[in-house]
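The values are calculated or read from the model by the stated rules, or taken from the named source; none is laboratory data. Small disclaimer: the values here were computed from a predicted structure and weren't measured. Cβ: placed from backbone, ideal geometry, glycine included. Neighbour counts: every protein chain shown.
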Amino acid sequence: MELAPERKASVLIEALGYLRRFRHRFIVVKLGGSLVDNPQSLSQLLEDVIFLATAGVWPVVVHGGGKSIDRTSAAAGIVTKKVQGRRYTDPATMEIVARVLRNETNSWMVNEAKRLGGRAVGLHSAALQSLFGERLVLKEKGQIIDLGLVGQVTRVDVDLIRDFTSAGVIPVIPSLAYETATHDHSNPESGWLNINADTAAAAVAAQLGAEKLVLVTDTPGVLIDRKDTSTLQPSLSCERCRDLIATGIIEEGMIPKIEACLEALAAGVGKTHMIDGRLPHALLLEIFTRTGIGTEIVTEGESAAVPATSRVLKALPGKDLFGIKPV
Ligand SMILES: *Cc1c(COP(=O)(O)O)cnc(C)c1O
């Protein structure tokens, strides 16, 4: 839909305040799930990221591998075993996860960003490694649960990331961490740990002291009734999120995402967001409009402090920004 010129100007002016606020501030964008298998959505989201970087904001992309990991594992005859919702990762699986994330997903995103006129760099080689970790230890009834090479991030190379963002280059980071202790110098492919992409993005946002963490998914945001998109929650406090988990309203795949947001907020990240990446330019709409399009999760008090004008806008039924439909 073509906007009238005066409407275009007001859209740009609405963005001005946000651009001023986010200039030289980190915004961590997690791209994952089935989006990674949708080149059209991914390409539009990368355009949004390029817009941010060009405007002097410091976006950092963290990504998972989508369905490609399942396909490649299945082709190699590996039976995927899930332990507490996590992919049990033996060395053969780890090799596939690392190969798909680095050589397929990450390379595609970096090349696509370049094709779209952006400057991007994949941070995952031995020389340009930004995430370091250790094995994740989960316990159930006092017993340690074996997850193989599943890890958690312990350190983020903030200086390395800032060197790139401050030069206008977009860091693109796969959800892998380097376990220095098990790295074998004669084998550059060794030492990787498999990290849940939401958790990895939250750790990156926390250690960067990011302004925002945006989890881009393939659902509209947090819904009270999963079958009814009019129950989308535009703004939730941490406390309300904990209530919704305790009462079973937020369930399954949404729980780790909410927990990643809560962790990032506890570590001082300004705001966290969950948005539907199937909507064209979802990221720009979320960051540069007063109502946003998905769910924001904010620290206690913040949510009540939403300016009166935004509250009115948020309260509008079926807030249908510019008539945008999923691609
Ligand atoms: C209110 C809201 C925003 C805008 O918040 P700002 O503080 O103006 O950035 C963005 N996204 C969602 C989902 C919102 O509910």
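Looking at region 206-236, which of its residues are within 25 Å of residue 52 (Cα to Cα), within 16 Å of the ligand (Cβ to nearest atom), of a type in the set (Gly, Ala, Ser) and not in a loop (DSSP other than H, G, I, E, B)? Once the filter is applied, which keeps residues that are within 25 Å of residue 52 (Cα to Cα), within 16 Å of the ligand (Cβ to nearest atom), of a type in the set (Gly, Ala, Ser) and not in a loop (DSSP other than H, G, I, E, B), region 206-236 yields only 235. Candidates 78, 50: the one that is outside any loop (DSSP other than H, G, I, E, B), on the phi < 0 side of the Ramachandran plot and either touching a helix residue (DSSP H, G or I) at 6+ places or on another chain (Cβ under 7 Å) or buried (at least 17 other Cβ atoms within 10 Å of the Cβ) (or both) is 50. If you go through region 237-282 and keep only what is within 11 Å of the ligand (Cβ to nearest atom) and part of a helix (DSSP H, G or I), you end up with just 282. Every test in (1) crowded, with 23+ Cβ neighbours inside 10 Å; (2) modelled with pLDDT under 95 is passed by residue 225 save one, and that test is (1). Could we say that residue 154 is at pLDDT 95 or above, polar (S, T, N, Q) and surrounded by fewer than 20 Cβ atoms within 10 Å (Cβ to Cβ) here? Against the criterion (at pLDDT 95 or above, polar (S, T, N, Q) and surrounded by fewer than 20 Cβ atoms within 10 Å (Cβ to Cβ)), residue 154 qualifies.
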